[in-house]
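Participant: Input: one structure, supplied below.
Just so it is clear, none of the values below were taken in a lab; they were calculated from the coordinates. Everything numeric here is computed off the predicted structure, so don't read it as measured data. Counting neighbours? That spans all protein chains shown, and the Cβs are built from the backbone with ideal geometry, glycine included.
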Amino acid sequence: MKLIDFDTRRKEMVWIQLRRRDITDERVLAAMEKVPRHLFMPVELWDRAYDDAPAPIGEAQTISQPYMVACMTQTLQLKRTDRVLEIGTGSGYQTAVLAEMVDHVYTVEIRPTLLERAKGILEELGYSHKITFRVGNGHTGYEKEAPYDAIIVTAAADCVPPALVTQLADGGRLVIPVGYPEHQILYRVTRKGEEIEQEQLLGCVFVPMVNEKDVSHFG
Ligand code: SAH
């Protein structure tokens, strides 16, 4: 069996896919140089773990393209003390990148089997003391721990869920793909006191945000 030099591939990923594009936040770059993306993927795909692409993680879901993870994380403009809510844990890779950058991450996933698997890997890598895991429907956010300085949604919504805007702290940022299935656009929503500012960032492709009734079909 040929050995793959994951550290070198990860360095190349950061250099070619992130720095050479528009990722300039050194904390994002450092986090992504550190987190072993392959461990969040099925072993038969490890050879492609540092490619410029999303990949399947089971249950018809995907781990996002590294550039998209970097772009969304940079857009959140994180400080170490920020309280962060993630909707759509999926593989747990984005969760690990966030946990490298802030003291605590709250993550909500609607598919229990995916959450359990992500939890296991994040535990093994030593991140779990910084993460609160919750099975649930992210359309309603996670009110118990609100407000949040940053909210990241990694599944496409029909429109911006009002509960997420309500759970933003003053100055808080929400990054979310909107418009399933076609013409998805990544939005940043910022709360400034009573004002809500909305910016369109770029086109993107995400799996849909679903409701509980849809999940039972996947088992
Ligand atoms: N950031 C993840 C992306 C996973 S794909 C990664 O890179 O691995 C999107 C995830 O959102 C899936 O795991 C899916 O189950 C989850 N999801 C979809 N609708 C949801 C909802 N309403 N609430 C919470 N999670 C949801």
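Participant: Would you mind getting me the FRET efficiency between S128 and E212? Use the beta-carbon distance for r and R0 = 22 Å, nearest 0.05. Could the numbers behind the result be given before it?
Facilitator: On the way: r = 25 Å, r/R0 = 1.15.
With R0 = 22 Å, the Cβ-Cβ based efficiency is 0.30.
Participant: Taking amide hydrogens as modeled 1.01 Å from N in the peptide plane, which residues meet the under 5 Å criterion relative to G136, leaving out close sequence neighbours?
Facilitator: E109, I110
Participant: Relative to the present Cα-Cα distance, how much length would full extension add between T8 and R27 at 0.36 nm per residue of separation? Write down the numbers at each step before the final one.
Facilitator: Details: separation 19, 0.36 × 19 = 6.84 nm, distance 1.89 nm.
In short, 4.9 nm is gained.
Participant: With a cut-off of 8 Å between alpha carbons and a minimum separation of six or more residues, what is the relative contact order of segment 118-207 in percent?
Facilitator: On the way: 151 pairs, mean separation 19.1, N = 90.
Rounded, it is 21 percent for segment 118-207.
Participant: Give the distance, in whole Å, between the Cα centre of segment 1-43 and the Cα centre of segment 147-219.
Facilitator: 26 Å
Participant: Which values of log₁₀ I(q)/I(0), to two decimal places, follow from the Debye formula for the chain at q = 0.07 Å⁻¹ with a uniform point scatterer at every Cα?
Facilitator: -0.19
Participant: Counting only residues 5 or more places away or on other chains, whose amide H sits under 5 Å from the amide H of A169 once H atoms are built in the peptide plane?
Facilitator: Here the answer is Y148, D149, since their amide H atoms fall under 5 Å of that of A169.
Participant: Do the alpha carbons of any pairs in K79/K119; K34/K130; K130/K213 sit beyond 27 Å of each other, and which pairs? Don't skip to the end; give the middle numbers.
Facilitator: Working: K79/K119 24 Å; K34/K130 17 Å; K130/K213 31 Å.
Where the Cα-Cα span goes over 27 Å, the pairs concerned are K130/K213.
Participant: Ordered by residue, what ³J(HN,Hα) values in Hz, to whole numbers, does segment 52-60 give under the Karplus form 6.51 cos²θ - 1.76 cosθ + 1.60, where θ = phi - 60° and Gly and Pro are x?
Facilitator: Going residue by residue, I get 7, 7, x, 8, x, 10, x, 6, 6 Hz, with x marking Gly and Pro.
Participant: Under the definition of Cα pairs under 8 Å and six or more residues apart, what whole-number percent is the relative contact order of segment 43-93?
Facilitator: Here the relative contact order equals 32 percent.
Participant: Normalised by the number of residues in segment 6-214, what is the relative contact order in percent for Cα pairs under 8 Å and 6+ residues apart?
Facilitator: Details: 407 pairs, mean separation 30.6, N = 209.
Rounded, it is 15 percent for segment 6-214.
Participant: Taking θ = phi - 60°, what integer Hz values does the Karplus form 6.51 cos²θ - 1.76 cosθ + 1.60 yield along segment 103-109, in sequence order, with x for Gly and Pro?
Facilitator: After applying 6.51 cos²θ - 1.76 cosθ + 1.60, I find 6, 8, 10, 9, 10, 10, 9 Hz.
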